[in-house]
Amino acid sequence: MDSGFYAAVSGAVARTDAIDLVANNIANTATTGYKAEREFYQTLVATPPSARMSPLNRAVNNYGILGGTVVDLAAGSIQFTGNKLDLALEGPGFITVETPAGIRYTRNGSLRLGARGELLTQDGGKVLAVPENRKAKPQPIVLPNGTISISTDGTVSVNGAIVARMKLVDFPKGTPLLPEGSSYFTAPAQAERPAAGVAVREGALESSNYNPVEGTVDLITLQRTSEMLNQAIRIFYNDFDQPAAQEIPRIA
């Protein structure tokens, strides 16, 4: 009885966590540059590895749990806006940004100018430039007054004069990128490398890569599965455990 009860509980908890994940993805379908998180499941074997079990025992003592999430880095579609400070990245890469919490990386190219001409993200992060000296610390891009243009390699010019080149980076395959907020990522120290094969599109934005229709279907499926597992929990508790608890004193 306990094995079935534990399996139902672990399954219900895993689906509840997955519902929260899918709901967050759906909530960010309109967030520029958002990358969806995908859940994956693992099996928890509730018996010692050395124990000899029949196939039935192995089946009832294997519990599915939410193993974690992975970031889906697939590109979103590009939407043209005509705004000179809207940037979309084609190909793998990120814009490097300085925030109060440290260096962060983003695909959200909705930029603006600060009071002193700083090139900023919408929440105030400072877009960093490639330093002239490779050993120097990257500095925020500050622009003089004038007509701004940004080329495909991230070079920022004002009135035709080059001011700086945006620091565009990428990461080796398998690097654990952790999402922070709606469009920032953190990465291990020294993991970044210059982006190769990425092109900056001026006057455009990259949309979220999450399909809201797919998300709605997933949410409905998870909710129904969660309801069935909760019903199974009630059956184990009401139909199995309670009668057993009532009969044991009579036998004794």
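The table below gives the values:
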{"read-out": "Qualifying strands (runs of 3 or more DSSP E) (wholly inside the stretch 17-102; at least 2 residues being modelled with pLDDT under 90 and in contact with a strand residue (DSSP E or B) (Cβ under 7 Å, 6 or more places away or on another chain))", "value": "37-45, 62-71"}
{"read-out": "Answer from A88, A101 - the residue that is under 20 Å from Y210 (Cα atoms), over 16 Å from the mean Cα position of the chain (by Cα) and in contact (Cβ under 8 Å) with a residue 12 or more places away in the chain", "value": "A88"}
{"read-out": "Failed criterion for L219 (all others in (1) closer than 30 Å to G68 by Cβ; (2) in contact with a Pro (Cβ under 9 Å, 6 or more places away or on another chain) hold)", "value": "(2)"}
{"read-out": "Condition check for R112: under 26 Å from Q190 (Cα atoms) and either surrounded by fewer than 13 Cβ atoms within 10 Å (Cβ to Cβ) or in contact (Cβ under 8 Å) with a residue 12 or more places away in the chain (or both)", "value": "no"}
{"read-out": "Subset of the stretch 156-168 [crowded, with 16+ Cβ neighbours inside 10 Å and not in a loop (DSSP other than H, G, I, E, B)]", "value": "V156, S157, V158, V163, A164, R165, M166, L168"}
{"read-out": "Qualifying residue in the stretch 169-180 (condition: more than 17 Å from the chain's Cα centre (by Cα) and surrounded by 15 or more Cβ atoms within 10 Å (Cβ to Cβ))", "value": "yes"}
{"read-out": "Filtered residue count, the stretch 173-194, keeping only those that are under 25 Å from A23 (Cα atoms) and in contact with a strand residue (DSSP E or B) (Cβ under 7 Å, 6 or more places away or on another chain)", "value": "9"}
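The values are calculated or read from the model by the stated rules, or taken from the named source; none is laboratory data. Model, not experiment: these values are computed from the prediction. Positions of Cβ are backbone-derived with ideal geometry, glycine not excepted, and every protein chain shown enters the neighbour counts.
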